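To keep things clear, I will list the structure first and then write my remarks on it.
Only the coordinates and a few stated rules stand behind these numbers; no lab work does. Computed from a predicted model, the values in this text were never measured in an experiment. Here the Cβ positions follow ideal geometry from the backbone for every residue, glycine too, while neighbour counts run over all protein chains shown.
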Amino acid sequence: MSLESHPTASSITPQRTLGHWHADATPPSFDAAGWRDPLSALEAPLFLLWDGERHGVGMGGQASIGAGITNGTSGAFDLTGFVPPCPPEALGDPAFRAAHGIRYAYVTGAMANGIASVELVETIARSGMLAFFGAAGLQVSQVDAAIHRLKASIGDLPHGFNLIHSPNEPHLEAAVVDLYLREGVRLVEASAYLDLTLPVVRYRVMGIRREADGSITAPNKVMAKVSRIEVATKFFAPPPERFLKELVASGDISTEQAEWARRIPMADDLTAEADSGGHTDNRPALTLLPTLIALRDRMQSEHGYATPLRVGAAGGIGTPESAAAAFAMGAAYIVTGTVNQACIESGSSDLVRAMLAETEQADVTMAPAADMFEMGVTVQVLKRGTMFAMRAQKLYEIYRNYGGIEAMPESERIKLEKTVFRLPMDEVWEQTKRYFQTVDPRQIERGEQDAKHRMALIFRWYLGQSSTWANRGIEDRKIDYQIWCGPVMGAFNEWVRGSFLEEFRNREAAVVALNILFGAAYLTRANAVRQQGVPLEASVVRVEPQPLATLAGCGTA
């Protein structure tokens with residue numbers, strides 16, 4: 001069969017007729033390219049029609065089910081299907097939106113070192129979405145300043161802060177929790193947890209109370225970001241008994257509060273983190289999300305929580321297609337990360353944003369993580385235009401092979417001082433000591449006594465500084481930039497190619513978010529059309545980024 005003999009999309013005969021549809025003042029369209037405007041009217045129901053030869057679409061009018069009528073008679077057409085409204089605020093779980101007081105089931109994740117900046121939190125919160133400040137890697141005083149700024153700028157608009165697992169610096173995790181409790185931070189994104197810790201349990205159960213109707217209220221909410229089912233199971237379970245006993249013994253909670261805590265999960269919301277930037281296990285979303293949704297159902301059935309558990313999706317979400325797929329798979333909400341770093345409100349630099357704008361899907365790799373260096377934990381970073389990943393891996397290999405700086409071959413040490421540190425290691429150690437003098441003096445004492453630990457702290461200086469150099473845009477350190485990045489950045493760049501969002505200076509976080517949501521809603525409706533036997537031209541299904549004013553006309557902004 002030649003290409004010319006294939007049936008056109010509009011000529012494929014429908015499998016069934018449901019009834020008929022009468023037009024009103026707005027006539028139907030039977031043009032193969034005339035689907036875009038009706039599909040874009042996200043709040044309007046669509047009627048799928050057949051005029052005897054072609055598929056068409058009608059808006060408004062009057063539909064009747066079960067009655068047959070001759071096509072074209074008195075403005076009537078065969079009705080073959082129906083597409084309900086799908087505004088962006090209908091995507092995801094309405095219980096999630098209600099619980100957090102937001103319009104859209106869209107979350108911007110807490111990229112560390114303030115990359116998820118106060119400016120990013122402000123613009124996302126004002127746009128009816130949920131944003132987390134990137135507190136990880138910052139000193140407690142910096143997090144405190146961010147809390148007070150956001151209280152002043154957005155007040156009670158929904159937002160949260162990051163709480164990261166810090167196995168090498170447990171006191172820091174505890175200090176951040178102390179700050180959150182003292183300042184009334186009611187929502188945290190718990191990330192990179194390998195196991196539950198006393199601080200995160202303390203945060204969750206502090207202030208728990210029983211209402212007059214017998215229900216249990218825990219004022220502090222946890223949204224846990226995980227990629228392993230064993231960790232997810234712990235967050236969907238009640239707080240561990242050993243921690244509750246410890247909190248009772250310390251006087252943080254009463255025996256009665258411990259009893260109430262046994263009736264709530266550690267986290268009402270759990271984010272399935274697939275292949276993402278930063279800490280990631282590179283799990284595929286197509287298998288991780290349904291696995292954790294199945295776990296959710298089992299844990300809800302086992303514990304009978306008063307508030308049903310919810311699962312969202314993160315990692316690889318940065319286009320309308322990925323967002324639509326996540327919602328179609330049952331995600332209560334979606335979380336974006338890398339694409340937000342590329343936006344002008346992020347705490348990164350224009351040099352980094354320009355590099356991200358050139359990123360393709362294969363331009364990422366894994367590298368040792370600064371916060372869990374000794375454990376061999378890795379993070380996903382950009383490899384294009386930087387030597388950070390290769391140099392960080394070399395440091396980890398040296399750490400594994402030698403007992404301390406003094407045990408290294410002199411030639412190796414000289415090479416590192418010249419190319420990586422650009423400082424004598426003795427000076428790096430002095431800088432490291434000055435840092436830990438205010439953050440955790442115990443690390444200095446341990447480093448002075450343990451040569452291998454001192455080596456780890458010196459090497460972690462490079463890993464930590466590499467992110468700072470990137471965020472500050474230190475140009476002569478560009479080759480050493482550590483830029484947390486997932487392959488989604490390449491997909492995002494491909495989507496926006498040729499549009500106003502191709503230029504990184506136009507990438508406003510709210511505009512990017514609303515375009516992703518609009519596109520996901522649009523594709524959801526387009527897929528509903530195709531699932532009812534109506535083919536659509538590829539040009540109709542393609543979603544192009546639109547300015548905010550255009551989206552507002554579609555009922556989005």
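What does the charge dipole of segment 287-387 about its Cα centre add up to, to the nearest 20 debye, if the Cβ of each Lys and Arg holds +1 and the Cβ of each Asp and Glu holds -1?
That gives segment 287-387 a dipole magnitude of about 220 debye.
Just the ratio, please: alpha-carbon radius of gyration of segment 360-480 over 2.2 N^0.38 Å, N its number of residues.
Relative to the rule-of-thumb radius for its length, segment 360-480 sits at 1.04.
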Return the long-range amide H neighbours of residue 190 (sequence gap of 5 or more, or a different chain), with a cut-off of under 5 Å between placed amide H atoms. 163, 223, 224, 225
Spin-label model distance (nm) - residue 181 vs residue 230, 7 Å beyond Cα toward Cβ: 2.9
First measure r as the distance between the Cβ atoms of residue 142 and residue 43, then evaluate 1/(1 + (r/R0)^6) with R0 = 45 Å and state the FRET efficiency to the nearest 0.05. 0.60
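For an R0 of 35 angstrom, estimate the FRET efficiency from the Cβ-Cβ distance between residue 195 and residue 550 and round to the nearest 0.05.
That pair, residue 195 with residue 550, gives E of 0.15.
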Which labelled figure in (i) 92, 62, 44; (ii) 71, 54, 54; (iii) 82, 73, 52 is Cα extents along the principal axes in Å, once derived from the coordinates: (i)
Assuming 0.36 nm per residue, please report the length gained on full extension of the stretch residue 16 to residue 502 beyond their Cα-Cα distance. 170.6 nm
Full-stretch length increase - residue 445, residue 375 - with 0.36 nm per residue and alpha-carbon distance subtracted: 23.2 nm
How much FRET efficiency would the formula 1/(1 + (r/R0)^6) give for residue 417 and residue 215, where r is the Cβ-Cβ distance and R0 is 60 Å, rounded to 0.05? 0.45
For residue 279, the residues 5 or more places away or on another chain with a placed amide H closer than 5 Å to its own amide H are 380
So, with +1 on the Cβ of K and R and -1 on the Cβ of D and E, and no other charges, what is the size of the charge dipole of the chain about its Cα centre, to the nearest 20 debye? 580
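Among the complete DSSP H segments of the chain, which ones combine at least 30 Å of alpha-carbon extent along their axis with a mean Kyte-Doolittle hydropathy of 1.0 or more?
509-530
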Taking the Cα centre of segment 165-287 as origin, work out the dipole magnitude from +1 charges on Lys and Arg Cβ and -1 charges on Asp and Glu Cβ, in debye rounded to 20. 200
Of all alpha-carbon pairs in segment 286-390, indicate the percentage at a distance above 19 angstrom. 61
Each label sits 7 Å from Cα toward the beta-carbon; between residue 246 and residue 329 the label points are separated, in nm, by 3.4
Expected output is a single nm value to one decimal: the length gained when fully extending between residue 354 and residue 539, i.e. 0.36 nm times separation in residues minus the C-alpha distance. What is it? 63.7 nm
Residue 133 long-range amide H proximity, modeled H, under 5 Å: 160, 161, 162
Put in order of increasing Cβ neighbours within 10 Å, starting from the fewest, 536, 181, 120 give 181, 536, 120
Mind ordering 363-369, 113-119, 304-310 by average Cβ neighbours within 10 Å, highest first? 113-119, 363-369, 304-310
Using the count of nearby Cβ atoms within 10 Å as a rough guide to exposure, how do 132, 96 rank from fewest to most? 96, 132
Hey, could you pull the Cα Rg and Dmax for segment 160-209, both in Å? 10.2, 33
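Can you put 291, 386 in order, fewest other beta carbons within 10 Å first?
291, 386
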Under 12 Å from the Cβ of residue 269, count the other residues' Cβ atoms, weight Lys and Arg +1, Asp and Glu -1, and hand me the total. +2
How do 278-285, 493-500 rank on mean C-beta neighbours within 10 Å, highest first? 278-285, 493-500
Pairs of lysine in the chain with Cα under 25 Å and at least 8 positions apart or on different chains: total? 23
Quick one: what are the phi-derived ³J(HN,Hα) couplings along segment 35-51, Karplus 6.51/-1.76/1.60 with θ = phi - 60°, whole Hz, x for glycine and proline? 8, 4, 5, x, 5, 6, 7, 4, 8, 9, x, 10, 10, 8, 10, 9, 9
Give me the distance in nm between label points sitting 7 Å out from Cα along the Cα-to-Cβ direction at residue 400 and residue 33, one decimal. 5.8
For the chain, percent of DSSP beta bridges that are antiparallel (nearest 5) comes out at 50
